[in-house]
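Notes follow the structure.
The values are calculated or read from the model by the stated rules, or taken from the named source; none is laboratory data. Only a predicted model underlies this, so the values are computations on that prediction, with no experimental measurement involved. Using ideal geometry, Cβ is built from the backbone for each residue, glycine included, and neighbour counts are taken over all protein chains shown.
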Amino acid sequence: MNLAMHAAVLDFATLSSRDIDTAPLDRAAPGIVYYDVTPPELLLQRLAGLQVAVINKVRIDAATIAAIPDLKLIALAATGTDNVDLGAARKAGVAVTNIRAYCTASVVQHVFALILGLTQHLKAYEADLKADGWRDSPQFCMLGHPIRELAGKRLGIVGYGVLGGAVAAAARAFGMEVCVARRTASDGSRPERLPLPELLATSDIVSLHCPLNSSTENLIGEPELELMKDDALLINTARGGLVDGDALVRALQGNRLGGAGIDVLRREPPVDGDPLLDVDLDNLIVTPHIAWAAREARQRALEQIAQCIESFAGGGNFGRVV
């Protein structure tokens with residue numbers, strides 16, 4: 001299939017700030033057009049005549065697919081596929097591909113940046129410095145926010161795919177004990193797999209790496225937070241909808257949780273606000289969905305997208321989900 005001049009990236013600014021090499025994608029789809037942002041009112045106009053649409057968070061529903069008869073491939077610049085109507089794509093004969101395991105090192109790095117930032121109380125100590133606390137200290141150091149070593153602590157992982165497994169490996173390098181939430185009844189035969197309530201109650205740090213679906217929405221709410229140790233940390237670099245933000249704020253404000261590191265919110269961008277953004281707490285770190293975003297990871301993402309397009313053009317199935 002000749003894909004020249006019939007491909008476009010519709011939200012390139014979610015992948016690049018002009019700091020990655022587009023050559024692999026340019027070779028895979030000669031003449032490809034790059035749009036930084038595509039607002040909904042321009043979507044059909046920009047899709048018109050395309051054979052290949054590369055998207056990250058742009059939504060393509062059944063009506064859109066029906067309106068673009070030339071479309072042959074939707075190449076996702078992400079692993080998640082919830083922004084595409086897969087059933088409608090399948091019915092219309094439109095292939096859909098995604099990319100995987102491109103940002104593992106980046107996410108692991110960010111998970112431990114959050115863990116270490118909270119464990120070392122970096123925000124609190126920075127606030128003390130800005131208030132001249134160190135200048136006025138009678139001794140050479142400040143010990144107002146006790147620091148704990150990670151060695152010997154238990155890390156509970158919820159979602160043990162590629163990312164969860166990589167986080168576990170890094171945790172063991174810190175000397176941590178790792179346990180994993182039980183997903184199915186058969187997991188009960190594996191001693192390191194625990195029912196979620198037991199994992200929450202016994203872990204010093206809980207890190208979420210599971211998908212968001214009907215069974216995991218609000219997975220961590222008021223009852224689950226009540227189970228956790230009052231000095232435990234909650235880390236979420238997966239999906240915002242896994243955690244009840246209001247309940248988390250109450251737990252942090254009531255000193256019923258040691259801290260939280262959050263990289264994802266229920267709605268992104270948070271145009272209507274979010275309870276986690278409405279508070280200023282030393283034991284809460286919120287970052288703008290950047291765990292995946294190391295430059296090297298974004299370069300690998302682009303290269304995988306190019307592979308998906310090249311494979312499809314040659315009749316292959318690399319990255320195919322539909």
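Among the residues in segment 140-151, are any of a type in the set (Gly, Ala, Ser) and modelled with pLDDT of 95 or more? Yes - at least one qualifying residue is present in segment 140-151.
Taken over segment 9-59, the criterion of being farther than 22 Å from Ile290 by Cβ and either of a type in the set (Asp, Glu) or not assigned by TED's automatic domain parsing to the domain that holds Val94 (or both) is satisfied by Asp26, Glu41. Restricting attention to segment 292-322, the residues being under 16 Å from Thr22 (Cα atoms) and β-branched (Val, Ile, Thr) number 2. Of all residues in segment 166-186, at least one satisfies being in a helix (DSSP H, G or I), modelled with pLDDT under 95 and more than 25 Å from Gly117 (Cβ to Cβ). Beta carbons closer than 7 Å, at least 6 apart along the sequence or on distinct chains, pair a first residue in segment 36-52 that is at positive phi with a second that is part of a loop (DSSP other than H, G, I, E, B) for Gly49/His6; Gly49/Asp70.
Determine whether Gly152 is surrounded by fewer than 20 Cβ atoms within 10 Å (Cβ to Cβ), touching a residue at least 12 places away in the same chain (Cβ under 8 Å) and not assigned by TED's automatic domain parsing to the domain that holds Ile235. It is false that Gly152 is surrounded by fewer than 20 Cβ atoms within 10 Å (Cβ to Cβ), touching a residue at least 12 places away in the same chain (Cβ under 8 Å) and not assigned by TED's automatic domain parsing to the domain that holds Ile235. Condition check for Asp246 on (1) over 30 Å from Leu15 (Cβ atoms); (2) touching a residue at least 40 places away in the same chain (Cβ under 8 Å); (3) of a type in the set (Asp, Glu): one failure, at (2).
A residue that is under 30 Å from Gln51 (Cβ atoms), crowded, with 16+ Cβ neighbours inside 10 Å and of a type in the set (A, V, I, L, M, F, W, C) cannot be found anywhere in segment 258-275.
Counting only residues that are in contact with a His (Cβ under 8 Å, 6 or more places away or on another chain) and either surrounded by 12 or more Cβ atoms within 10 Å (Cβ to Cβ) or at pLDDT 95 or above (or both), segment 30-62 holds 4 of them. In the set (1) closer than 14 Å to Ala301 by Cα; (2) touching a Phe, Trp or Tyr at 6+ places or on another chain (Cβ under 6 Å); (3) surrounded by fewer than 20 Cβ atoms within 10 Å (Cβ to Cβ), Val9 fails one condition alone, (3).
Taking the stated definitions as given, is Thr119 closer than 30 Å to Val206 by Cα, at pLDDT 95 or above and not small (Gly, Ala, Ser)? Spelling it out, Thr119 is indeed closer than 30 Å to Val206 by Cα, at pLDDT 95 or above and not small (Gly, Ala, Ser).
Just so you know, in segment 202-224 the residues that are among the hydroxyl-bearing types (Ser, Thr, Tyr) and part of a loop (DSSP other than H, G, I, E, B) include one that is surrounded by the fewest Cβ atoms within 10 Å (Cβ to Cβ), and it is Ser214.
The condition (being surrounded by 15 or more Cβ atoms within 10 Å (Cβ to Cβ) and in contact with a Gly (Cβ under 7 Å, 6 or more places away or on another chain)) is satisfied by just one residue among Leu227, Leu199: Leu199.
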